[in-house]
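First up is the structure itself, then whatever we jot down about it.
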Amino acid sequence: MKALAVAVALAVATPCHAGNQVLTTETCAASGGTLVDAYAGPVCAMPEPDAGAACTGSEQCSGVCLAETRTCAPLRPMIGCFEYIHQGEILEICVD
């Protein structure tokens, strides 16, 4: 189970910038994202194409299925602690 949580954390916490580009509010917005503060520094959170769609598990979402609302996550990465549904189980993860 820990391996799954680590895999989800890595998939969820992928920054959107590449190369030597400086990550700013403007460069993130130009990519279609929103700059958010994470523990390791700013991250460009990108909208998910299926944000808000009803779901019963993360297999139905491009990101994760949020347990509280039973909807696909609005952004990637999701920063903070949240519960998600994976293969019928409700799991909690904290992403800094």
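Evaluation of V22 against the conditions (1) at pLDDT 95 or above; (2) loosely packed, with under 15 Cβ neighbours inside 10 Å; (3) not in a strand (DSSP E or B) shows that the sole unmet condition is (1). Checking G33, G63 one by one, the residue that is within 10 Å of the chain's Cα centre (by Cα), surrounded by 12 or more Cβ atoms within 10 Å (Cβ to Cβ), modelled with pLDDT of 90 or more and on the phi < 0 side of the Ramachandran plot is G63 and no other.
The values are calculated or read from the model by the stated rules, or taken from the named source; none is laboratory data. Computed from a predicted structure; not experimentally measured. Cβ sites come from the backbone with ideal geometry, for glycine too, and all protein chains shown count toward neighbours.
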